[in-house]
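Here is the structure we will look at.
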Amino acid sequence: MNEANVLQPFNHIHLLGIGGVGVSALVPELLRRGHKITGSDPASNELTARLEALGAVIRHRHQAKNVEGASLLVVSSAVKESNPEIAAARERGIPIWPRAKMLGVLLERWRSIVVTGAHGKTTTTSMFVHALTELGLDPTAFIGGSVPAFGGNVRLGNGEWAAAEGDESDGSFTHLHPDIAIVNNIDADHLDFYKNMEEIVEGFHLFLNGVKPDGWILRSADCPYSRALRAGKYKTATYGFAEDADVRGVDYVAGREGLQCGAIVKGRRAAELKLRLNGRSAAHNALAVIAAGEALGIPYGDLARSLETFEGVQRRLERKGEAKGIAVLDDYAHHPNEIRAAIEALRERYKGRLIGVFQPHLYSRTLSLLEEFGRAFAGLDLLVLTDIYPAREEPRPGVSGELLLAPVRRSGVQAVYIPRLEEIPAFLEDSCGAGDAVTTMGAGDVWKAGEHFLKILKAKEAAQP
């Protein structure tokens, strides 16, 4: 595919859902290539302000007239078919592309790395980009989260490599055709789109069938589903802590300042990881970067050293601050396995009481994984449950965050249900003391409760004589 020829007819590109983390990441590169960019999104946030400063014209109401003059409509997967701009585009014969198709076309300009998996995509992709940047390769990146070192969710480089996340949630990652494909894990998630695990696994096979000829497939050896994927004609390597991994993590140790881990490749100790992050999941993600050494043509030790300065990603065990001896953190975890990994990492760093505030994400996910959620919070001293963040779903009668209360308590964790986010800071103020760590968890807007709580603590601290 020649991406220049594919995009040549589309001078004016309109992006629907431009305020979202996925669609917004496309805009700086499209502007760099000279396209006129407009977009619409009810959200008015840091992302939309940044894009407007770059030259994008954004409207904050969805209406048919927004697509006037557009030659292509790019649509976020979160946007519903009933959106008036989609209807208007169809009436006018304007082509409509899903976001992933545009990402796939953009990636054709470079040699590309695409990271897939139910968990860890954003952190692993960011690690790759950080490593290549530290090694002077000046990569381009399209990230599913904000990376402080890049100043946002995109990095525009002039090197030969680009990295991006492949989103399996709606099967759209089949639009991506990378040189290196990483499958970090496969899990029972997005069961509003897939019928079962068999369909999820088949989706990954379809994605891997689109890897470029002579490409590489890197699979986690720690996940039974990813290690069993068919690699076919491609060059392949596995990574993880499993004894038969091609790149195997050994001698894992962790403390308040981060973790250390050795990497054995082909029977010899080839690299030493020293990360400023915590948790075996973080080490596992870093091992994916090490495993790409042969495919990238970069020595394993050089890749490991480049990761020593990686500071992490916003909303991934992000430390928001500390006041009155209470640490406040925030994490994007919204699946039981992500929650377990976050709590494990926090326990490595904090030895006092650990309090979680969890906002379930999607009614369908809450119902389908109810018992798994109940067991996921082991390790917390107290859990505050709030109401479900609906995202793209309509409310379901009788389904709320309160459904999780009984399963969590059966697992031995003390839990309370406070449906309104704005009421949580006052509860935390009464419940927490010096030496405690509080983390908000969820893919919605639960972080607001943590930030408000931290403001209360700082104000009280400042008022002390």
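Key figures for this structure:
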item: Residues that are over 24 Å from the mean Cα position of the chain (by Cα) and crowded, with 21+ Cβ neighbours inside 10 Å, drawn from region 18-37; result: 37
item: Subset of region 202-234 (residues that are touching a helix residue (DSSP H, G or I) at 6+ places or on another chain (Cβ under 9 Å), crowded, with 17+ Cβ neighbours inside 10 Å and not in a loop (DSSP other than H, G, I, E, B)); result: 203, 204, 207, 216, 217, 218, 219, 220, 225, 226
item: Residue identified as at pLDDT 95 or above and over 30 Å from residue 241 (Cβ atoms) among 89, 181, 141; result: 89
item: Cross-chain or 6+ apart pairs with Cβ under 6 Å, region 4-33 first and under 16 Å from residue 52 (Cβ atoms), then open to solvent by less than 50 Å² (accessible area, probe 1.4 Å) and of a type in the set (Lys, Arg); result: 23/99
item: Filter result (in contact with a strand residue (DSSP E or B) (Cβ under 6 Å, 6 or more places away or on another chain) and in contact (Cβ under 8 Å) with a residue 40 or more places away in the chain) within region 211-228; result: 216, 218, 220, 222, 226
item: Conditions (1) of a type in the set (A, V, I, L, M); (2) at pLDDT 95 or above; (3) surrounded by fewer than 20 Cβ atoms within 10 Å (Cβ to Cβ): number failed by residue 424; result: (3)
item: Filtered residues of region 238-248 (kept if open to solvent by less than 80 Å² (accessible area, probe 1.4 Å) and over 23 Å from the mean Cα position of the chain (by Cα)); result: 242, 245, 246, 247, 248
item: Strands (runs of 3 or more DSSP E) contained entirely in region 6-77, each with at least 1 residues that are closer than 27 Å to residue 391 by Cβ and touching a Leu at 6+ places or on another chain (Cβ under 6 Å); result: 12-16, 36-40, 72-75
item: Answer residue from region 139-173, given it is of a type in the set (S, T, N, Q) and in contact (Cβ under 8 Å) with a residue 60 or more places away in the chain and is nearest to residue 292 (Cα to Cα) among those; result: 140
item: Flag if residue 390 is touching a residue at least 24 places away in the same chain (Cβ under 8 Å), within 21 Å of residue 332 (Cβ to Cβ), of a type outside the set (Asp, Glu) and open to solvent by less than 60 Å² (accessible area, probe 1.4 Å); result: yes
item: When residues of region 177-227 are limited to those that are of a type in the set (S, T, N, Q) and under 20 Å from the mean Cα position of the chain (by Cα), the one farthest from residue 391 (Cα to Cα); result: 220
item: The listed residue being buried (at least 24 other Cβ atoms within 10 Å of the Cβ), of a type in the set (A, V, I, L, M, F, W, C) and at pLDDT below 95, out of 147, 114; result: 147
item: 1 or more residues of a type outside the set (A, V, I, L, M, F, W, C), over 27 Å from residue 234 (Cβ atoms) and open to solvent by 10 Å² or more (accessible area, probe 1.4 Å): qualifying helices (runs of 4 or more DSSP H) within region 261-310; result: 280-291, 300-306
item: Cross-chain or 6+ apart pairs with Cβ under 7 Å, region 265-291 first and among the acidic types (Asp, Glu), then open to solvent by less than 50 Å² (accessible area, probe 1.4 Å); result: 272/262; 272/304
item: Test set (1) under 19 Å from residue 320 (Cβ atoms); (2) modelled with pLDDT under 95; (3) part of a helix (DSSP H, G or I) - residue 403 fails condition number; result: (1)
item: Conditions (1) modelled with pLDDT of 95 or more; (2) buried (at least 16 other Cβ atoms within 10 Å of the Cβ); (3) more than 20 Å from residue 22 (Cβ to Cβ): number failed by residue 188; result: (1)
item: Counted residues, region 432-460 - those being outside any loop (DSSP other than H, G, I, E, B), farther than 11 Å from residue 329 by Cα, open to solvent by 80 Å² or more (accessible area, probe 1.4 Å) and touching a residue at least 40 places away in the same chain (Cβ under 8 Å); result: 2
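Table: residues versus (1) within 18 Å of residue 411 (Cα to Cα); (2) within 16 Å of the chain's Cα centre (by Cα); (3) without any contact (Cβ under 8 Å) to a residue 12 or more places away in the chain.
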| residue | (1), (2), (3) |
| --- | --- |
| 332 | no, yes, no |
| 335 | yes, yes, no |
| 349 | no, no, no |
| 365 | no, no, no |
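The values are calculated or read from the model by the stated rules, or taken from the named source; none is laboratory data. Small disclaimer: the values here were computed from a predicted structure and weren't measured. Heads up, the Cβs are rebuilt from the backbone with ideal geometry, glycines too, and the neighbour counts pull from every protein chain shown. For the accessible areas, the whole protein counts, side chains as well, though only heavy atoms, and no ligand, DNA or RNA atoms are used. Shrake-Rupley method; radii C 1.70, N 1.55, O 1.52, S 1.80 Å.
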